[in-house]
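This report refers to the structure that appears directly beneath it.
The values are calculated or read from the model by the stated rules, or taken from the named source; none is laboratory data. In this text, all values refer to a predicted model and were calculated from it rather than measured experimentally. Cβ placement follows ideal geometry from the backbone for every residue including glycine, while neighbour counts extend to all protein chains displayed. What goes into the accessible areas is simple: the full protein's heavy atoms, side chains included, and nothing from ligands, DNA or RNA. Shrake-Rupley method; radii C 1.70, N 1.55, O 1.52, S 1.80 Å.
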Amino acid sequence: LDILGYDAVDIGTLADSWRSEPGTPVYCKPYYGEVPKGMSGDKTMEWIFQTPGVPIPADRVRELTATVVRGPAGGSFSVDAWT
């Protein structure tokens, strides 16, 4: 992972994995930045998949996962989770 430029970040036990579910602060958004305003759901997804990702420091991942408040079991998946 080091050769590829990745850091492994311990965000807790398997029981804590909800901290990186869709809709949480660390789920995808930090890696692609702000989505341009006014896009439809389809255009938003197209923009996200065409935008090169950017690395974020391991400390930022820890910070973001520490701020998560648990929502309903199973989370939710929608375009809103990406924006």
Using the heavy atoms of the protein chains and a 1.4 angstrom probe, tell me the accessible area per residue for the chain in square angstrom.
72 Å²
Return the label of the correct value of Cα extents along the principal axes in Å, as calculated from the structure shown, out of (1) 43, 32, 20; (2) 36, 36, 16; (3) 31, 29, 23.
(2)
Dipole in debye (nearest 20) - the chain, about Cα centre, beta carbon charges: Lys, Arg +1; Asp, Glu -1:
220 debye
Would you work out which of Pro55, Gly71, Val9 lies farthest towards the positive end of the dipole of the chain, given +1 charges on the beta-carbon of Lys and Arg and -1 on that of Asp and Glu, about the Cα centre?
Gly71
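What FRET efficiency would be calculated for the residue pair Tyr32, Ala66, taking the C-beta separation as r and a Förster radius of 22 Å, to the nearest 0.05? List each step's numbers first, then the result.
Values: r = 21 Å, r/R0 = 0.97.
In this case the efficiency is close to 0.55.
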